[in-house]
Amino acid sequence: MDEREKIVQEVRARMFPEILPAIHDIEKNYPPRHLPAGARVTRIAPSPTGFLHVGGLYTALISERLAHQTGGIFYLRIEDTDKKREVPGASALIAASLAQYGIIIDEGQTPAGQEIGPYGPYTQSARAPIYAAYIKSLLERGLAYPCFCTHEETEAMRAQQELGRMRLGYYGRWAVCRTRSPDDVLEALKKNTPFAIRFRSPGDFNNKIAVVDLLRGTRELSENDQDIVLMKSDGLPTYHLAHVVDDHLMGTTHVIRGDEWLSSVTLHMQLFEMFSWIPPQYGHIAPIQKMDGGSKRKLSKRHDPEASVSFYDERGYPPAAVIEYLLNLANSNFEDWRRAQPDEDSRTFILTFEKLANPSGALFDFMKLNDISKDVVARFSAEEVYEQGVAWARRHNSGLAERMERNSEYTQKIFGIERGGTGKIRKDIAKWSDLKGELEYFFDDSFQESRAELLQILFDSEQDDIKKIIASFLDGYDEGDASHAWFEKIQEIAARYGYAKSAKEYKADPETYKGTVADVAKIFRVALTGRTQTPDLYSIMQVMGKERVLKRLSALA
Ligand code: GLU
């Protein structure tokens, strides 16, 4: 047995004493996927360190659409090899959030906690023997070596490099364990000195190679010469090794990931090469930005509540609206597409890499989210608004849920105002938390404006006319009137008290009139709702019912 074999044996005995699967057996369990030509296999590979970040949802959405629009596969892989950072329950939360936003996974962990799909396990901590088998192969081929440097030693190295303004890392003369003599290594192993396994990089930093990025095009980068850690002393691999092995075995064709990995691509290419595997195509996406005091910055997990997807749920944004907003961030032509086919499922929109290229990072804009959300809610039927609204309220506002459930028919009629017909469509609801305010004035217990307050809102109306106008309206009010008959009556009242029947009439001769029919309608609107802006007044009266209309108007008569 030569020295290298002895080292491999000692490393094995210490780091992975169990029987390791043979590489050819592993490969047999992960046969090439049989998919239509051009089908993409993508994945989202979060580390379970907390909630799903909106950037994670964005990447997941893009990856899912890119796969499914080609008849491919999208899967969820939990990258939990950094046990120190793991948060219990986080992977279940991530799976649940993806499901909530309609991101369909074909393989991986389901929200119920099961794994589906034939290329698993999809949780990296359950794959330790697989990684060990590949590490062993690198050790046997002299492409990896044990490193006994302690954390303190590598930190000291780093400090020295910083001081000398040198490139940071474990390379060249800094890679001290790379050149340790076999005797020395064997002795350290026998003494049970803790160790990690490092890559013996074959690269030369002075060589430039062309790297193609799906979103950024081709760039010239230096070859990797860092002997990075492949396996930590706890026997679990680092991201670099683990994702290379997994993306190979699981047949990933396209990797969309955060641009913090951009500088590691050359290393990842080398690792694929060491195993003679074809690497996936990489696309590095810049983090979502926000405006902060006039300048852009990255959305921060720690400081920005809107970084967490749970924020959108708490506020009551329908998941479909958040998804449409993210599609709009991803491909700016989505907006035109949506305008051209307002009723189409957003899944039929084809995302493209070309349009995705935005190296400086998409800018998050709440105004835009609200606008998109209003459009999305405008397309819902009254029943859908009710169903989704009440489901949200049960989780976040029990008082609202109770009110809606106790008056479900009335509530649905309210949501039916300016909805579903051919006329004007209401666009006043951006999120389910808005429903409370939209419902309030329809209910007597929450319509609490006093007579004095209502008159105060009508301060710029002719106060003497208010009583007379309401009295006239009450005189002729017939709940059975169709909207045009109803409006004609209001026009007549307007004319009787010196208001123009239309804006056009008023403009032709402003001196003659006190105002227009709109000023008259405003009196009813305020008397009924306490507001100057509401959906269609005729519909409001119809939905409120005669008794309530008479009671409220009479209060000002
Ligand atoms: N676990 C890595 C992360 O959370 C995944 C990156 C990738 O998608 O490959 O950043």
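Each value in this text was obtained by applying a stated rule to the coordinates, not by laboratory testing. Bear in mind the structure is a predicted one, so any value in this text is a computation, not a measurement. Backbone-built Cβ (ideal geometry, glycine too); neighbour counts: all protein chains shown.
Normalised by the number of residues in the chain, the mean separation of alpha-carbon contacts (under 8 Å, six or more apart) gives a relative contact order of 11 percent.
The angle between the Cα long axis of helix 128-140 and the longest principal axis of the Cα atoms of the chain comes to about 40 degrees, rounded to the nearest 10. Were the residues from Gln9 through Glu402 laid out at 0.36 nm apart, the gain over their Cα-Cα distance would be 134.7 nm. Take every DSSP beta bridge with both residues inside the stretch 39-172 and express the antiparallel ones as a percent of the total, to the nearest 5. Of all bridge pairs located within the stretch 39-172, approximately 25 percent are antiparallel.
How much mean residue ellipticity at 222 nm does the chain get from its helices, if each DSSP H run of length 4 or more adds -39500 (n - 2.57) and you divide by all residues, to the nearest 500 deg cm²/dmol?
The per-residue figure over the chain is -13500 deg cm²/dmol.
Per residue, the convex hull spanned by the Cα atoms of the stretch 146-289 amounts to 150 cubic angstrom. Modelled spin-label separation between Asp183 and Ser360, with each label point placed 7 Å from Cα along the Cα-to-Cβ direction: 6.2 nm.
Length available on full extension from Asp478 to Ala503: 0.36 nm per residue minus the Cα-Cα distance, which gives 6.5 nm.
In this simple spin-label approximation, Tyr30 and Asn207 carry label points 7 Å from Cα along the Cα→Cβ vector, and these lie 2.5 nm apart. Multiplying the residue separation of Arg548 and Lys296 by 0.36 nm and subtracting their alpha-carbon distance yields 85.6 nm. Volume of the convex hull of the stretch 431-484 (Cα atoms only), normalised per residue: 165 Å³. D by Stokes-Einstein for the stretch 223-290, Kirkwood Rh over Cα pairs, 25 °C, 0.890 mPa s: 190 µm²/s. Which shape class, rounded, prolate or oblate, goes with the stretch 256-315 when its Cα gyration tensor gives a ≥ b ≥ c as root eigenvalues, a/c under 1.5 marks rounded, and past that a/b bigger than b/c marks prolate? Prolate shape, in that a/c is at least 1.5 and a/b is the bigger ratio. For the stretch 8-158, the Kirkwood hydrodynamic radius comes to 17.7 Å, computed from all pairs of different C-alpha atoms. For the chain, the dipole from Cβ point charges (+1 on Lys and Arg, -1 on Asp and Glu) about the Cα centre works out to 780 debye, to the nearest 20. What FRET efficiency, computed as 1/(1 + (r/R0)^6) with R0 = 60 Å and r the Cβ-Cβ distance, is obtained for Gln289 and Asp460, rounded to the nearest 0.05? Computed FRET efficiency for Gln289 and Asp460 comes out at 0.85. For the chain, the pair-distance distribution built from all alpha carbon pairs, in bins 10 Å wide starting at 0, is 3, 14, 20, 18, 14, 10, 8, 6, 4, 2, 0, 0 percent. Taking Lys and Arg as +1 and Asp and Glu as -1, the other residues whose beta-carbon sits under 12 Å from that of Ile493 total -1. What FRET efficiency would be calculated for the residue pair Gln281, Lys424, taking the C-beta separation as r and a Förster radius of 45 Å, to the nearest 0.05? Here the calculated transfer efficiency is 0.40. Across the stretch 143-157, rounded Karplus estimates of 3J(HN,Hα) from the backbone phi angles (6.51 cos²θ - 1.76 cosθ + 1.60, θ = phi - 60°) give 9, 8, 8, x, 10, 9, 4, 7, 4, 4, 5, 5, 5, 5, 4 Hz, Gly and Pro being marked x. May I ask for log10 I(q)/I(0) of the stretch 321-432 at q = 0.11, 0.12, 0.15, 0.23 Å⁻¹, from a Debye sum over the Cα atoms as equal point scatterers with solvent left out? The Debye formula, applied to the Cα set alone, gives -0.44, -0.51, -0.74, -1.26.
Which residues does a label at Thr352 reach in the stretch 5-49, if reach means a backbone N under 19 Å from a point 7 Å past the Cα toward the Cβ? Under 19 Å, as judged by backbone N against the label point of Thr352, lie 38-40 of the stretch 5-49. Fewest neighbouring Cβ atoms within 10 Å first, the residues Lys374, Lys208 line up as Lys208, Lys374. The residue among Gln9, Ile285, Leu66 whose Cα reaches farthest toward the positive pole of the charge dipole of the chain, with charges on the beta-carbon of Lys, Arg, Asp and Glu, is Gln9.
Annotation for Glu220 and Ala159: the two label points, set 7 Å from Cα along the Cα-Cβ direction, are 3.8 nm apart.
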